[in-house]
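Visitor: Pasting in a structure now, in structure tokens, and then I'll have a few things to ask.
Coordinate-derived values only; no laboratory data. Because the structure is predicted, anything quoted here is derived from the model rather than measured. For neighbour counting, all protein chains shown are included, and Cβ atoms are generated from backbone atoms with ideal geometry for every residue, glycine included.
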Amino acid sequence: MTDLSQRYVPVDHAKVDFTGGFWESWTRTVREVTVPSQHRRLDEERFLEVLNFDQPPGPLARPIQPSGLSMQHFFDSDFGKWIEAASYTLKAHPNPALEEKIDEIVAKLAQGQMDDGYLNSWFIRREPDKRWTNLRDLHEMYSMGHLLEGAVAYFEATGKRAFLDVMIRAVDHIEATFGREPGKLVGYDAHEEIELALVKLYRVTKDPRHLELAQYFVDERGQMPSYYDEEARRRGDDPAHYHYQTYAYSQAHMPVREQTQVVGHAVRAMYLFSAMADLAYESSDLTLLTASDRLFDNLTRRQLYVTGGLGPSGANEGFTREYDLPNETAYAETCAAVALAFWGHRMAQIELDGRFTDHVELAIFNGALSGIARDGEHYFYENVLESHGQHRRWKWHYCPCCPTNIARLIASLGSYFYTTKPDELAVHLYGANSAEAEIGGQTVRIAQETAYPWDGDIALTLTPAAPAQFTLRLRLPGWCSKASVAVNGEAVDVRTAEKGYLAIARQWAAGDVVRIGFDMPVERLHAHPEVSEDAGKVALKRGPVVYCAEEADLGFAPQLLVLPADAEIVAAFDPDLLGGAVRLSATAGKTSHAGWNGQLYRRERPATEVTQLRAIPYHLWANRQAGGMAVWLREQF
């Protein structure tokens, strides 16, 4: 049984400096391009206009839909996430002009906040009489939760308390309004988010009320009779007319500890499970940990795309049935893959198990990273695994939750690399960086020299301030079937690894070098037989990176490509491919159009022509001219 008192603490992202290589390029792009351009988009698209509390509200930037919902109901969440992403960049790279933009937003929020602490721009300006009347649909606490996460990040980056104090007042109002005590509403927001935000606030304030409120919201979810039925009747609605028909959409169909299958809206589910892991971490609640473990296995064994994307259906932005993983109609929202990384990262802080960090790595290199273009200012909301050229990246979206979500993940990515205990340092992810960690009361400097993920060779140099005894735990990725590790030239037996981590306990001195080698052959992955869409097809993966074939390289639709089962696939680094990346190539076949003569069907099998497969990392697709793309390729035996 896991001892929840033995928890790992992430190294502050600002103490991890990406020094060249893969993530240095991406984090710099987010800092220099993405964060500034997103502020411009928020302004141009009239998002920031909602903060003009001293003016009458103007026409809606996002009209009311037939469902009765406007995207403008939760505009607050978007600039909350933008402040969070910007704050992560500020912590290591001060920028007075950027702080000024944040301070302007904070001043408007403080001006508009109601006397009782309530803070939501939509209801304050447009429907003050309807606040807290529709938790099922209108995202009030979801929006406040993202503002709260932004406030915590800004305080930690700058030490400024104004935004944090505004949000503590808002949380005090929520606590006074909701709970099981007489006179309070026994409700919870249908879109999870406030729960994990409250845990972040608790870690800053150490006020147990904040943790207890998060616990209440998680514990109350799914209790019957449903609060949402009662709430609907109070406002004169028939609960049977609920658009999504079932509260499984919001993971509110049964108490969270009883849930065995990941269902409903994908982002909501990932936020809920992240909060459950946080609460298990803080309160040593094994019942929540057990449920989180079970749900993580259900997702990753039966409902996850090979790219780390999740949620196949646009109808509910989420899950349908197990093994339903269509390619061309995949929803696989960027926010969902980002939130999967949140969840896996939190689980690994409690349970050092490679199955969590393997999926963090899968998501960040593939299903999440595909959501942002290489230029740092174009995006995908949906991350399909197949296209006929109709999918192009957009500058902004009608519901732009994903741009700021991928920005805050990349901007804080350093905190995902290392965690510590008083006598341990765990290395979860690999990539060129230099970092500082506190172990046993002293500073240990860490340096990774590597071209990962394009190469599996890593030199890890440890420099404690003085010789120190501690255990180094190295993640051996689940995708790697052959690994080698040596300390100062002396080999370490990797067969002693447990749950994907190799423990090396010794006295470490300045300049000790751990050399790690991960074999990176190109792998052919086959889907479970129940995933009928991928029958007879193969996906290509090298190290943590999933590949796709794109029409821009082939010159024809990749759906015509046939990869022989015995084809030799060659990997080679191409410095000219969108900043540099490893390409895959092989001799393959192409289904020929020859001899069809305008027929739609014929008796003869189509001919096959010899061609060349050229595959690129999935996260880089749709950065060049329009055209088709496929992750799953037909395999020929």
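Visitor: Of Tyr228, Leu304, Ala85, which is farthest along the charge dipole of the chain in the positive direction, counting Lys and Arg as +1 and Asp and Glu as -1 at C-beta?
Guide: Looking along the dipole axis, the top candidate is Leu304.
Visitor: Quickly rank 599-609, 117-127 as a protection proxy: mean count of other C-beta atoms within 10 Å, highest first.
Guide: By packing density, highest mean first, the sequence is 117-127, 599-609.
Visitor: Still on this model: Could you sort 238-245, 135-142 so that the peptide with the highest average Cβ count within 10 Å comes first and the rest follow in order? Could you put the intermediate results ahead of the total?
Guide: Details: 238-245: 12.0, 135-142: 24.5.
The most tightly packed comes first, giving 135-142, 238-245.
Visitor: Report, to two decimal places, the Cα Rg of the chain normalised by 2.2 N^0.38 Å (N = number of residues).
Guide: 0.98
Visitor: State, as an integer percentage, the relative contact order of the chain based on alpha-carbon contacts under 8 Å between residues 6 or more apart. Mind dumping the intermediate values first?
Guide: Details: 1302 pairs, mean separation 84.2, N = 637.
Reported as a whole number, the value is 13 percent.
Visitor: Same structure again: Given axes a ≥ b ≥ c from the Cα gyration tensor, I'd like to know whether the range 217-356 is rounded (a/c under 1.5), prolate (a/b larger than b/c) or oblate. Numbers along the way, then the final one.
Guide: Values: a/c = 2.34, a/b = 1.21, b/c = 1.94.
Note, shape of the range 217-356 comes out oblate.
Visitor: Go ahead and run the numbers for FRET between Glu436 and Ala572, Cβ-Cβ distance against an R0 of 51 Å, rounding to 0.05.
Guide: Given R0 = 51 Å and the Cβ-Cβ separation, E is 0.90.
Visitor: Based on the mean of other Cβ atoms within 10 Å per residue, sort peptides 364-372, 578-586 so the most packed one is first.
Guide: Highest to lowest by the protection proxy: 364-372, 578-586.
Visitor: Work through the residues other than Asp574 whose Cβ is under 10 Å from its Cβ and net out their charges, Lys, Arg +1 and Asp, Glu -1.
Guide: +1
Visitor: State the Cα centre-to-centre distance between the range 387-462 and the range 134-182 in whole Å.
Guide: Measuring centre to centre over Cα atoms gives 28 Å.
Visitor: Can you bin the range 447-604 into rounded, prolate or oblate? Criterion: square roots of the alpha carbon gyration tensor eigenvalues sorted a ≥ b ≥ c, rounded for a/c under 1.5, prolate for a/b above b/c, oblate for the rest.
Guide: The shape class here is prolate.
Visitor: Give me the distance between the Cα centres of the range 56-122 and the range 295-309, rounded to whole Å.
Guide: Between the Cα centres of the range 56-122 and the range 295-309 lies a distance of 33 Å.
Visitor: For Glu282, what is the net charge nearby, where nearby means another residue's Cβ is under 10 Å from its Cβ and Lys, Arg count +1, Asp, Glu -1?
Guide: 0
Visitor: What is the local net charge at Gly595, summed over the other residues whose Cβ is closer than 13 Å to its Cβ (Lys, Arg +1; Asp, Glu -1)?
Guide: Counting the neighbours of Gly595, the net charge comes to +1.
Visitor: A further question on this structure: 7 Å from Cα along Cα→Cβ at both Ala176 and Lys130: what's the point-to-point distance in nm?
Guide: The answer from the label model is 2.4 nm.
Visitor: Hey, could you get me the Stokes-Einstein D for the range 131-272, Kirkwood radius over alpha-carbon pairs, 25 °C and 0.890 mPa s, rounded to whole µm² s⁻¹?
Guide: For these conditions, the coefficient is 156 µm²/s.
Visitor: Any of Lys101/Lys200; Lys395/Lys482; Lys108/Lys395; Lys101/Lys184 with alpha carbons more than 32 Å apart? Name them for me.
Guide: On the way: Lys101/Lys200 23 Å; Lys395/Lys482 42 Å; Lys108/Lys395 27 Å; Lys101/Lys184 37 Å.
Beyond 32 Å: Lys395/Lys482; Lys101/Lys184.
Visitor: Give or take rounding to whole Å, what are the principal axis extents of the alpha carbon atoms in the range 419-518, in descending order?
Guide: Principal extents (Cα only, largest first): 36, 26, 24 Å.
Visitor: Tell me, what are the semi-axes, in whole angstrom and largest first, of the equivalent ellipsoid of the range 71-201 as set by the roots of 5 times the Cα gyration tensor eigenvalues?
Guide: Values: eigenvalues 133, 43, 34 Å².
Working through the eigenvalues yields semi-axes of 26, 15, 13 Å.
Visitor: Moving to a separate point now. Using only Cα atoms, figure out Rg for the range 522-636 and give it as a multiple of 2.2 N^0.38 Å.
Guide: 1.11
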